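Before any comments, here is the structure.
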Amino acid sequence: MILEMKNLTKSFKGSNSKSLVLEHINFNVNRRDFLCVVGPSGCGKSTLLKLIACFDKFDSGSILLNNKVVTAPQLNRIMVFQEFDQLFPWKTIVENIAFPIRVNNISMSKKESYEIAKKYISMVNLNNYENYYPHELSGGMKQRVAIARALAINPQILLMDEPFGSLDAQTRTTLQEMLIEIWEQTNITIIFVTHDIHEAILLSNKILVMDKNPGRVKKIIQNMLPRPRNPMQPGFSDIYYEVYNLL
Amino acid sequence: MIMIAKDKFNKLFINKIFIRIFWMAIFMLIWEMIYLSHSFSPLILPSLGTILKSMYSNLLSGELIKETLYSLNLIFKGLGIGIIISITLASLSFVSKLFEGLVETLTAIAHPLPGIALLPLIILWLGATPHAIVFIIIHSVVWPLALNTYSGFKSIPKVYRQIGENYELSILQIIYHILIPASLPYFLTGLKIGWARAWRALISAEMIFGATGENGGLGWFIFKRRVFMDTPGIFAGLIVIVLIGILVENLVIVNLEKLTIRKWGMSI
């Protein structure tokens, strides 16, 4: 068990009322899990991810990583956002990836950090693009760079907040396949928020279905379909309807 | 054939530099015609030839160059100090709500105050020294620049800050590595306003100040020419003032933008 959520409750204070966003969230994530979180919009799935990253404070409960309470953002849990502008436009691709490595490792030379960065650039199939600036890349390529930047720091958990949400269908499929490949090759744990049931079934080994008003964990479904997966394979539609009926 | 000729004609006129030179030539032509008509005394409207001659002899004697360098030295000193103060003020505002209030209050009081209005007070405080002029320049630069830099800091996408925190950057590292480069478009806008204000304030201050020691700057140069009724000399000084203004705004700042925010695909 790498991550434990214990009785997490979170509310937002409005101008005259308090609205409960998440209530009594309890679940565990195992090492090397690929957990997809699905739920209706406004159920607090993105908020949940932000709490795990410690970008935001919660009212009560606790989050344990390797049996230790977490209170601040750390390198062991890196967030990949949906926004295309999560790269720094004033840095080239290789600089974007090497920058967090070098900031946290002052003794490392620029060259060494670039070597590491290049390794991850080729992992996301962006060879020859290292000296481009982000505005010269397509949305899909930018998301690849963001994933490479996160992986290059060698985190234990990758937090992904609908990273493929703004991509066209074809690019999304390519990136989903790439992400599965990376997950299989490394021993990373992924928590992936999406509103797309298809995507959740294609990627995950567990699907966490959420309820809304307030956000609660409705059910965690085991997804043991053999890989490579496709929507026509036996068992796919069973899981699809199970999730669909819960939403 | 006519179509092609018309096309060529249009293309020539789309060229901005050509249009500018074209109108300047027209302007100079009208000027010289008025001079040749003898409607005004040459003391009021000298010929272009005498203006150029005066410029040439003043350049040759080194006086114009010395005064220009003196003025530029003062303004760059003021700009440099102004930039450091502005970034510090903007950073403090970003870190603490209390400082934000202080900077907002200071800006509200000082921003509408023309630099030159402070001159009598500054002379009392610092004496009639070059320090006083540098102080006026700093005052002209700091407020627009701090204001713009701070609104640049505030306009930065929320994810940038979260990324900074996620990669365990300290608050100083976030300011240095993320906030400052990310707010560069705003900073450069502030710098443009600051430069324009400082350049105007400098010339006015120099005129009022006169020479403090050997030099007095470009402002004093043109003011002195009036005393000697040296109208061509006044125009020669004015041309240099205009040229430096154009050079800094169109070459220095535009190139700075090309090297940074335009290359990076950033804009406000």
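Remarks
- Computed over the stretch B:158-241, the P(r) tail beyond 22 angstrom holds 53 percent of alpha carbon pairs.
- Karplus 3J(HN,Hα) series, Hz, for the stretch B:125-141 with 6.51 cos²θ - 1.76 cosθ + 1.60 (x for Gly, Pro): 6, 10, x, 7, 10, x, 4, 4, 5, 4, 4, 4, 5, 4, 4, 5, 8
- In this structure the amide hydrogen of A:LYS218, modeled in the peptide plane, comes within under 5 Å of the amide hydrogens of A:VAL209, A:MET210, A:ASP211, none closer than 5 places in sequence on its chain.
- Summed over both chains, the accessible area lost when B and A associate is about 2100 Å², using a 1.4 Å probe.
- The shape of the stretch B:8-166 comes out oblate: with a ≥ b ≥ c from the C-alpha gyration tensor, a/c is at least 1.5 while a/b does not beat b/c.
- With every protein chain in place, the stretch B:115-268: carbon and sulfur % of accessible area (1.4 Å): 69
- Value of Rg to Rh for the stretch A:12-97 (Rh from inverse mean 1/r over Cα pairs, i.e. Kirkwood): 1.01
- Under-5 Å amide H pairs with A:VAL80, H placed in peptide plane, nonlocal only: A:LEU159, A:MET160, A:ASP161
- Surface per residue (accessible, 1.4 Å probe) for the stretch B:12-99, Å²: 68
- Mean ellipticity per residue at 222 nm, deg cm²/dmol - from DSSP H runs of n ≥ 4 across chain B, formula -39500 (n - 2.57): -24500 deg cm²/dmol
- Debye intensity ratio in log₁₀ form over the Cα atoms of the stretch B:78-123, taken at each q of 0.20, 0.22, 0.30 Å⁻¹: -0.77, -0.87, -1.04
- When the alpha carbon gyration tensor of the stretch A:60-180 is reduced to an equivalent ellipsoid, the three semi-axes, largest first, read 24, 20, 12 Å.
- Dipole moment magnitude, nearest 20 debye, the protein assembly as shown about Cα centre, only Lys, Arg, Asp, Glu C-beta charged: 100
- Farthest towards the positive end of the charge dipole of the stretch A:151-247, among the residues A:PHE236, A:VAL217, A:ASN154, is the Cα of A:VAL217, using unit charges on the Cβ of Lys, Arg, Asp and Glu.
- Cross-link pairs exceeding 30 Å between alpha carbons, from the set A:LYS142/B:LYS77; A:LYS142/B:LYS154; A:LYS50/A:LYS119; A:LYS50/A:LYS142; A:LYS50/A:LYS111: A:LYS142/B:LYS77; A:LYS50/A:LYS111.
- Placing +1 on the Cβ of every Lys and Arg and -1 on the Cβ of every Asp and Glu, with nothing else charged, gives the stretch B:1-128 a dipole about its Cα centre of roughly 480 debye.
- Angle between chain A longest axis and helix A:93-103 axis [Cα atoms, degrees, rounded to 10]: 80
- Size estimate for the stretch B:103-221 follows the Kirkwood approach: the inverse of mean 1/r over distinct Cα pairs works out to 16.1 Å.
- Computed over the protein assembly as shown, Kirkwood Rh from alpha-carbon pairs, angstrom: 28.0
- When the convex hull of its Cα atoms is projected in every direction, mean area for chain B (nm²): 20.8
- For the stretch A:129-175, projected area of the alpha-carbon convex hull averaged over all directions, nm²: 3.8
- Exposed-site-free run, longest, chain A (rule: trypsin sites (Lys or Arg not before Pro); DSSP loop; at most 15 other C-beta within 10 Å): A:58-247
- Candidate cross-link partners of A:LYS13 among the aspartates and glutamates, defined by an alpha-carbon separation under 14 Å and a same-chain spacing of 8 or more, comprise A:ASP56, A:ASP59.
- HN-Hα J in Hz across the stretch A:224-231 - Karplus 6.51, -1.76, 1.60, θ = phi - 60°, x for Gly and Pro: 9, 4, x, 9, x, 9, 8, x
- Bins of 10 Å from zero: percent of alpha-carbon pairs in the stretch B:127-196: 21, 37, 24, 14, 4, 0
- Each semi-axis of the equivalent ellipsoid for chain A is √(5λ) with λ an eigenvalue of the Cα gyration tensor; in descending order they amount to 30, 23, 17 Å.
- Charged side chains reduced to their Cβ positions (Lys and Arg at +1, Asp and Glu at -1) give the stretch B:9-77 a dipole of some 320 debye around its Cα centre.
- Anisotropy class of the stretch A:142-228 from Cα gyration tensor, a/c 1.5 cut: rounded
- Between helix B:231-246 and chain B there is an angle of about 30 degrees, using the helix long axis and the longest principal axis of the Cα atoms.
- Rg/Rg_ref, the stretch A:188-241, where Rg_ref = 2.2 N^0.38 Å and atoms are Cα: 1.17
- Gyration tensor (alpha-carbon) shape descriptor, the stretch B:225-268, a/c threshold 1.5: prolate
- The stretch A:163-221 and the stretch A:30-67: distance between their alpha carbon centers, rounded to Å: 14
- List of the stretch A:55-97 residues, accessible area with partners at least 30 Å² below that of the chain alone (1.4 Å probe): A:PHE55, A:PRO73, A:LEU75, A:ILE78, A:PHE81, A:ASP85, A:PHE88, A:PRO89, A:TRP90
- For the stretch A:121-176, the solvent-accessible area of protein heavy atoms averages 38 Å² per residue (probe radius 1.4 Å; ligands and nucleic acids excluded).
The values are calculated or read from the model by the stated rules, or taken from the named source; none is laboratory data. Quick caveat, the model's predicted, so the values are computed rather than measured. For neighbour counting, all protein chains shown are included, and Cβ atoms are generated from backbone atoms with ideal geometry for every residue, glycine included. These accessible areas exclude ligands, DNA and RNA; they are computed on the full protein's heavy atoms, side chains included. Shrake-Rupley method; radii C 1.70, N 1.55, O 1.52, S 1.80 Å.
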